[in-house]
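Here is the structure we will look at.
The values are calculated or read from the model by the stated rules, or taken from the named source; none is laboratory data. All figures in this text were calculated on a predicted structure; none of them were measured in a lab. Because the Cβ atoms are built from the backbone with ideal geometry, glycine has one as well, and the counts that use them run over all protein chains shown. Note: accessible area is taken over every heavy atom of the protein model, side chains too, but ligands, DNA and RNA are not part of it. Shrake-Rupley method; radii C 1.70, N 1.55, O 1.52, S 1.80 Å.
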Amino acid sequence: MIIDLTNTSSSEIASALLQARRHAGSPAMGMVGTIVVVVDEASHHDAMKAANEAGREHPSRVLVAILRPGRGAPGLDAEVRIGEGIPGEAVLLRLHGELAKVPESVITPLLLPDSPVIVWWPGGGPKVPADDPLGRLGRRRVTDAAATRRASVDFSARAEGYQPGDTDFAWTRLTPWRALMAAALDQYPTKVTAAEVVGAKGNPSADLMASWLACNLGVPVEQRNSRGPGLTAVRMFTPSGPIALTRPDGAVATFSVPGQPDRPVALKRRVTAELLSEELRRLDPDDVYAKTLESLVEREKLPAAEKTTGTAKKSAATKASVAGKKVAAQAAAPDSAKKAAAKKSVAKKSATKAVAKKVPAKRVAGKKTASKRAAKR
């Protein structure tokens, strides 16, 4: 059921929601929260689709706010949708003129009572989400640093203004990567001497992954650029060899551990609806994300000479890898080295004996030649 409202108000929208719910035969609300989506006109369709797909796992009231500030008269147009494949309720709000500068005045009366509010900015979001008028309403504030042109600059600003409840899809995309790398160290406990992160240029997930490794392992982390898509490889270098997770095609990754055969891992790039569903499962503050952001800010403040980023002739990761291979080769073939040393020793003794035999023979031949010369005289 779709109800179009022109030049309306929040109270009329709430009445339309109640009327549509009764018409659909479900007067009781079975929704677990409110998702507030702040988008522009061009991307509102994809954002609403992703929110509705995430609502199949978490039925919610979706409020899509399209802000249209300008010199025109303030106004509010709405479109109420219930049923027709929508698991909860969806309201499309278009705020015109001065009303677009105070969207919280329209959104607040439409929030579900006694339920969490998740605010999502698909197009990047403000520099400090907690200071945004709509961000103050949310228990969870979701941004996407990869959606902005200058992702690294905006991401640093968000890191400095972090508040509990902030999160970013750049961090959500790393969940399976972090899980696999942590599981590798649990199954094969060893000392990590260096690490390497490879991803597309300007990818904020690569910056977060490098900061997470540096924060938790306390080792130098090198960042290298690739053609993508997204994050393509993460390697942890150990004395026995590298622990690597490589995904060159964005679908299937290869998991490598020293002394074990390579294993394929399903690691496809997830769509927006899957990322949003993951964020809706957890509404408490993410302490690991907060520590990673602190490490990211400290990493950005380091001078260029102290950073192990880019392509260096002899990076810390490469040195660790070479050292690890040498140690592994020595540990794998100690008997061969001993046998080679023994053969060299035997060869030296044989050469010494041969020289000793040749010298007396030469002396005897010399004596015989001298006696013959004396007899002739």
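Some observations on this one:
- When the residues of region 129-171 are filtered to those that are part of a loop (DSSP other than H, G, I, E, B), touching a helix residue (DSSP H, G or I) at 6+ places or on another chain (Cβ under 7 Å) and more than 20 Å from PRO204 (Cα to Cα), the one that is most open to solvent (accessible area, probe 1.4 Å) is PRO133.
- Just one of the listed residues (ALA183, ALA194) is without any contact (Cβ under 8 Å) to a residue 24 or more places away in the chain and closer than 30 Å to GLY259 by Cβ, namely ALA183.
- Answer residue from region 73-104, given it is without any contact (Cβ under 8 Å) to a residue 60 or more places away in the chain and among the small types (Gly, Ala, Ser) and is most open to solvent (accessible area, probe 1.4 Å) among those: ALA73
- Selection within region 120-148 - among the β-branched types (Val, Ile, Thr) and farther than 18 Å from TYR289 by Cα: THR148
- Test result for ALA305, surrounded by 15 or more Cβ atoms within 10 Å (Cβ to Cβ) and either in a helix (DSSP H, G or I) or at pLDDT 90 or above (or both): no
- Filtered residues of region 172-225 (kept if small (Gly, Ala, Ser) and in a loop (DSSP other than H, G, I, E, B)): GLY202, GLY218
- Screening GLY70 against (1) surrounded by fewer than 20 Cβ atoms within 10 Å (Cβ to Cβ); (2) in a helix (DSSP H, G or I); (3) of a type outside the set (Asp, Glu) leaves a single unmet condition, (2).
- Selection status of ALA251, of a type in the set (Gly, Ala, Ser), within 24 Å of ALA145 (Cα to Cα) and modelled with pLDDT under 90: yes
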